[in-house]
Amino acid sequence: AETRLADLWQHELRWARTQRLIAPLASALSFLHYPLPLAVLASLAWILEGMSGERVAFALGGLVLLLALRRGEAAVLARALAVPLPSWSALLFLFRESLSLLVLAASFGGRQARWRGREVVIGRPPPLLRPSPSYGELPK
């Protein structure tokens, strides 16, 4: 496990670039997994478009609701696993999803990554590891 944010970034960037090369469409659409930072960005854009008290209140209410739902999900999971849940855990969701969305965006910016202290270029998988065009079809 990484103990520094820079190491975590490099690790996740390497995996994101690998996934992007193996399954580009699925990788491109995976931004849908990160609703919190997307909601924050959409709310800020909406507020800045026409600054009004109603817009600010509506946007903040929506963000609070989304954070509460995430916190509720975490509470159910923590209860099932019998682990404690910090009161500030909702902010961790926002940080984690924002980091993941940034890693996803950065994965489209190149093919280099650091692995075990070395720069590597992530290329296409060998032919035996590539999904076949008939993947998911029944044999004839």
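Values quoted throughout were computed directly from the atomic coordinates according to the rules given, and no laboratory measurement underlies them. This is a predicted model, so every value here is computed, not measured. Heads up, the Cβs are rebuilt from the backbone with ideal geometry, glycines too, and the neighbour counts pull from every protein chain shown.
Considering the stretch 87-109 alone, what residues qualify as being in a loop (DSSP other than H, G, I, E, B) and either closer than 23 Å to Ala39 by Cα or hydroxyl-bearing (Ser, Thr, Tyr) (or both)?
We begin by selecting, within the stretch 87-109, every residue in a loop (DSSP other than H, G, I, E, B); these are 87-88, 108-109.
If the condition is that a residue be in a loop (DSSP other than H, G, I, E, B) and either closer than 23 Å to Ala39 by Cα or hydroxyl-bearing (Ser, Thr, Tyr) (or both), then Ser87, Trp88, Phe108 are the ones that fit.
Of the residues Arg71, Arg55, Arg20, the single one that is surrounded by 11 or more Cβ atoms within 10 Å (Cβ to Cβ) and under 18 Å from Ser107 (Cα atoms) is Arg20.
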